[in-house]
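One structure is given below, encoded as structure tokens.
The values are calculated or read from the model by the stated rules, or taken from the named source; none is laboratory data. Bear in mind that the values here come from a model prediction, so they are computed numbers and not experimental data. Backbone-built Cβ (ideal geometry, glycine too); neighbour counts: all protein chains shown.
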């Protein structure tokens, strides 16, 4: 199947046009690559000269002082909480435990046991104990007790733990040869 001369000339022109278009596209892409490289370099210089110093300044003047003051406030709060627990909570807990132990010791005495035995014998026939229904108050009190016990345990742990960061040793002064 042969092509006519007219068609061959048209195909040859189209081929040349496509070749010229391809060469033009290569030139455009090369030029665009140069422009992008130059823009990248300019952006890096703008970033280095203007943006980075402003970001650094904003960090130094706004963020860092806020973080440092928050850390200081947290340390102050922890110190006051530790002081409150050691001065208020621990003495109250230890006195409550002492009172409970004293009550246990009193309950062990034979006179108290005899008196309780007499009271229970006389009241067991006359009074029928009523079964108490469990209300939500019992569970609320148990939850509060658990939270208080956890708080006391945490405060005791914070008070008694060895924290090397809190202690700053005095520097030795160099001995003078006088």
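Observations on the model:
Okay, residues lined up against (1) in contact with a helix residue (DSSP H, G or I) (Cβ under 9 Å, 6 or more places away or on another chain); (2) modelled with pLDDT of 85 or more; (3) over 30 Å from residue 161 (Cα atoms):
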{"residue": "51", "(1), (2), (3)": "no, yes, yes"}
{"residue": "74", "(1), (2), (3)": "no, yes, no"}
{"residue": "78", "(1), (2), (3)": "yes, yes, no"}
{"residue": "94", "(1), (2), (3)": "no, no, no"}
{"residue": "98", "(1), (2), (3)": "no, no, no"}
{"residue": "113", "(1), (2), (3)": "yes, no, yes"}
{"residue": "128", "(1), (2), (3)": "no, no, yes"}
{"residue": "133", "(1), (2), (3)": "no, no, yes"}
{"residue": "143", "(1), (2), (3)": "no, yes, no"}
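- Restricting the first member to segment 134-159 and to residues that are free of Cβ contacts under 8 Å to residues at least 24 places away in the same chain and on the phi < 0 side of the Ramachandran plot, and the second to residues that are loosely packed, with under 10 Cβ neighbours inside 10 Å and outside any helix (DSSP H, G or I), no beta-carbon pair is closer than 8 Å while six or more apart or on different chains.
- Residues in segment 54-90 that are surrounded by 11 or more Cβ atoms within 10 Å (Cβ to Cβ) and either within 20 Å of residue 150 (Cβ to Cβ) or in contact (Cβ under 8 Å) with a residue 40 or more places away in the chain (or both): 78, 81, 82, 83, 84, 85, 86, 89, 90.
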